[in-house]
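**Q** What follows is a single structure, and I will ask about it in a moment.
The values are calculated or read from the model by the stated rules, or taken from the named source; none is laboratory data. Worth saying up front: this structure is predicted, and the values here are computed from it rather than measured. Every residue, glycine among them, receives a Cβ derived from its backbone with ideal geometry; neighbour counts consider all protein chains shown. The protein model used for the area step is the full one, side chains on, heavy atoms only, and it has no ligands, DNA or RNA in it. Shrake-Rupley method; radii C 1.70, N 1.55, O 1.52, S 1.80 Å.
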2 protein chains.
Amino acid sequence: MMKRNEEKILMAHGGGGILMKELVRFIMEKLGSNCDSPLQDSAILDAIPGRMAFTTDSFVVDPLFFSGGDIGHLSVCGTVNDLAVCGAVPLAISLSFIIEEGFSMTDLGRILDSIRSAAEEADVSVVTGDTKVVEKGKADGIFINTSGIGKVPDGIELSSASARPGDIVIINGTVGDHGLAILSMRENLDFGSGLESDTAPLSTLIVPLLEETEGIRVMRDATRGGLAAVLNEIACDSEVCIRIDESSIPLRETVRKGCELMGYEPLHIANEGKFVVIVDPDHAEKVLERIQRDPLGKEAAIIGSVTGSPVRHVIMKTVFGGERVVDLPYGDLLPRIC
Amino acid sequence: MMKRNEEKILMAHGGGGILMKELVRFIMEKLGSNCDSPLQDSAILDAIPGRMAFTTDSFVVDPLFFSGGDIGHLSVCGTVNDLAVCGAVPLAISLSFIIEEGFSMTDLGRILDSIRSAAEEADVSVVTGDTKVVEKGKADGIFINTSGIGKVPDGIELSSASARPGDIVIINGTVGDHGLAILSMRENLDFGSGLESDTAPLSTLIVPLLEETEGIRVMRDATRGGLAAVLNEIACDSEVCIRIDESSIPLRETVRKGCELMGYEPLHIANEGKFVVIVDPDHAEKVLERIQRDPLGKEAAIIGSVTGSPVRHVIMKTVFGGERVVDLPYGDLLPRIC
């Protein structure tokens, strides 16, 4: 479809003319969409019974391709995960590209392949999209926005304001993998073998988890700002204290060493396939066991509990036996992580 | 809320830490959102009875501020219009910013004010959002993605494949205003007084139009690629010929002169407040009259009709009495128009 002399994105690919139609057709073919049906301005979807979740995220990750994923896979998973942690079953996503003039059509093809496979993994359809092109030097390769909608089953009421003293805090696996993998690619640092991003569509774990267990009050994915940011948000919104135990937090040795080397706090590092669950203590074991049965939760662990005070604080018992406050990072440790 | 030394966007505003929380709070306050309710990853919306429309658009317009609008106003109207021309009543939009390091907080504030006022005009709520920051030189000020959802009333079945021979073609006003306004700002050209973008939320016209009239088969907004692009799309999707009469197409004298001067075809120039209606001939007068009663349709006109052949062609009777084919533009006449 694309001609040989069009192996790079041209400004003309964004212009609403024949070349834009060709680009859109290339994208739709790659995604396995039906190119023969008329392209409308919006997708029309069947009625969703009950409440609906709606979310958006723009992805500006640098580099575009990294160990364990790329911007395409990430852009689907990030949005699917935002829906899943609200208790929604992801249904449909939109895809909007801002592409820099001169971007390689081959790289665009690789990204589209990743989008397609992530959407298949997560069982969501890409139903609508948009493409813009900006001049060379006015973007950084490609930025992708994905918005998503999902169906919230009856009875699901999750909120970061719902944690109560006595509740148990669970995470579904190791922290910091995504951030360190990005950093090691970007800075060309070798922290050791096996370091790769954890980018994954958590809905494949969370949807059955919510169907099969009870007592889950809060779920949040631990992306920008890491585990520290979500725990602090929950502590603030719920007016509680969250106490965690450093020795119980799953952490790969490469990530621990990499963080030590760079002076980073692993709890501040972004993840793209990790979420925190706050659960009624009576149901904690069952919830943990169900998470561990899933490939995305094999290393899940109970990392702490909720107490009444000091409110709006996250306190960690360190491996040395002391206690310290886990703060939000102030600014940006690792820019453009997602 | 923002401190004096934070008058420009810093990389740290995108990092998931305290500064990002402050930026999000600034945005929410500007938009009139409730900053005290917990921020979830997704908005949870009440059930929408019946079918739903879902759309997305990224906005990269250059310059950010132009006569008749700015990127904020445009980003709301563009998405609202995509919903409206599908027959949907716009309900909620998401807002995702990619901001270049060093961007002025004052300009961000102006853009947010425009977003708020456009959302109020269009009667939609901004329900969820995202903010990313990229290094200086890796974007161009600010890019905005808006996605939107709307409710499609029962009985509405619009499609660009539904035009039939005999149907009447209506446009709601003058063509080319937006594109020429952008061009004149960007190139510092003075084409004459009164030239401004037509950016407007068309739902305020279209929602009552669909309630009060019958016989509308196709609606499309004439954005990138202009009137020529949408008419060609409809001609192709419906397998018909669309014949238009140049003398009946509403065109401001400044736009006509500006296009002449620059060698542009006015039918190829983008609009942001214009839409084409293809209507059953028995209902055309009523539909035209209803459009003309609206402030956004005062200059509406019948510009042509649908015939059986030659299929997939748009043919224009010129002011000189001849006929010519109206093609799609090949590439990009005016980049970054939206």
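**Q** All but one of (1) among the small types (Gly, Ala, Ser); (2) open to solvent by 30 Å² or more (accessible area, probe 1.4 Å); (3) over 27 Å from B:Ile182 (Cα atoms); (4) assigned to a helix (DSSP H, G or I) hold for B:Ser309, so report the exception by its number.
**A** Going through (1) among the small types (Gly, Ala, Ser); (2) open to solvent by 30 Å² or more (accessible area, probe 1.4 Å); (3) over 27 Å from B:Ile182 (Cα atoms); (4) assigned to a helix (DSSP H, G or I) one by one, B:Ser309 breaks only (4).
**Q** Okay, moving on. Checking the condition touching a strand residue (DSSP E or B) at 6+ places or on another chain (Cβ under 6 Å) and on the phi < 0 side of the Ramachandran plot, which residue from B:Gly179, B:Gly148 passes? Spell out how you get there, then give the answer.
**A** On the way: B:Gly179 fails: touching a strand residue (DSSP E or B) at 6+ places or on another chain (Cβ under 6 Å).
It is B:Gly148.
**Q** For the range B:257-294, which residues satisfy the criterion of being free of Cβ contacts under 8 Å to residues at least 12 places away in the same chain and within 29 Å of B:Asp190 (Cα to Cα)? Walk me through how you get there before you give the answer.
**A** Keep residues of the range B:257-294 that are free of Cβ contacts under 8 Å to residues at least 12 places away in the same chain, which gives B:260, B:263, B:285, B:289, B:292-293.
Correct list: B:Glu260, B:Gly263.
**Q** Can you confirm whether the range A:141-150 contains a residue that is closer than 22 Å to B:Leu83 by Cβ, within 14 Å of chain B (Cβ to nearest Cβ) and over 18 Å from the mean Cα position of the chain (by Cα)? Outline the logic, then answer.
**A** Just the residues of the range A:141-150 that are closer than 22 Å to B:Leu83 by Cβ, to begin with: A:144-150.
With within 14 Å of chain B (Cβ to nearest Cβ) added as a condition, the list becomes A:144-150.
Restricting the remaining residues to those that are over 18 Å from the mean Cα position of the chain (by Cα) gives none.
There is no residue in the range A:141-150 that is closer than 22 Å to B:Leu83 by Cβ, within 14 Å of chain B (Cβ to nearest Cβ) and over 18 Å from the mean Cα position of the chain (by Cα).
**Q** Another one. If B:Ile48 satisfies every condition in (1) buried (at least 20 other Cβ atoms within 10 Å of the Cβ); (2) not in a loop (DSSP other than H, G, I, E, B) but one, which is the exception?
**A** (2)
**Q** Moving on. Can you name every one of the strands (runs of 3 or more DSSP E) wholly within the range B:109-217 that holds 2 or more residues which are out of contact with any His (no Cβ under 9 Å at 6 or more places or on another chain), within 30 Å of A:Glu101 (Cβ to Cβ) and not hydrophobic (A, V, I, L, M, F, W, C)? Break it down into steps so the answer makes sense when it comes.
**A** On the way: elements: B:125-134, B:142-151, B:168-171.
Filter on the range B:109-217 gives B:125-134, B:142-151.
**Q** Answer yes if at least one residue in the range A:152-159 is within 30 Å of A:Met28 (Cβ to Cβ) and out of contact with any Gly (no Cβ under 6 Å at 6 or more places or on another chain), and no otherwise. Spell out the reasoning first.
**A** At the first step, the residues of the range A:152-159 found to be within 30 Å of A:Met28 (Cβ to Cβ) are A:152.
Filter once more, keeping what is out of contact with any Gly (no Cβ under 6 Å at 6 or more places or on another chain): none.
No; the residues of the range A:152-159 include none that is within 30 Å of A:Met28 (Cβ to Cβ) and out of contact with any Gly (no Cβ under 6 Å at 6 or more places or on another chain).
**Q** Looking at (1) touching a residue at least 12 places away in the same chain (Cβ under 8 Å); (2) surrounded by fewer than 16 Cβ atoms within 10 Å (Cβ to Cβ); (3) within 14 Å of chain B (Cβ to nearest Cβ), which one does A:Tyr330 not meet, given that it meets all the others?
**A** The one condition A:Tyr330 does not meet is (1).
**Q** What number of residues within the range B:51-87 are crowded, with 21+ Cβ neighbours inside 10 Å, more than 7 Å from every other protein chain (Cβ to nearest Cβ) and of a type in the set (Asp, Glu)?
**A** Going through the range B:51-87 one residue at a time, the tally reaches 1.
**Q** With (1) farther than 16 Å from A:Pro63 by Cα; (2) modelled with pLDDT of 95 or more; (3) open to solvent by 30 Å² or more (accessible area, probe 1.4 Å) as the list, and A:Asp140 as the residue in question, which single condition is left unmet?
**A** (1)
**Q** Enumerate the helices (runs of 4 or more DSSP H) found wholly within the range A:221-304, keeping only those where 2 or more residues are within 14 Å of chain B (Cβ to nearest Cβ) and open to solvent by 30 Å² or more (accessible area, probe 1.4 Å). Don't jump to the end; show me each part of the working.
**A** Working: elements: A:226-238, A:253-262, A:284-292.
Once the helices (runs of 4 or more DSSP H) in the range A:221-304 are filtered for at least 2 residues that are within 14 Å of chain B (Cβ to nearest Cβ) and open to solvent by 30 Å² or more (accessible area, probe 1.4 Å), what remains is A:226-238.
**Q** Restricting the first residue to the range A:17-32 and requiring it to be open to solvent by 40 Å² or more (accessible area, probe 1.4 Å), which pairs with a second residue that is in a loop (DSSP other than H, G, I, E, B) meet a Cβ separation below 7 Å and a spacing of at least six or different chains?
**A** Final answer for the pair search is A:Ile18/B:Leu328; A:Ile18/B:Tyr330; A:Arg25/A:Met1; A:Arg25/A:Cys35; A:Glu29/A:Met1; A:Glu29/A:Cys35.
**Q** Provide a single number: the residues in the range A:204-221 that are touching a Gly at 6+ places or on another chain (Cβ under 8 Å) and small (Gly, Ala, Ser).
**A** Total satisfying the criteria: 0.
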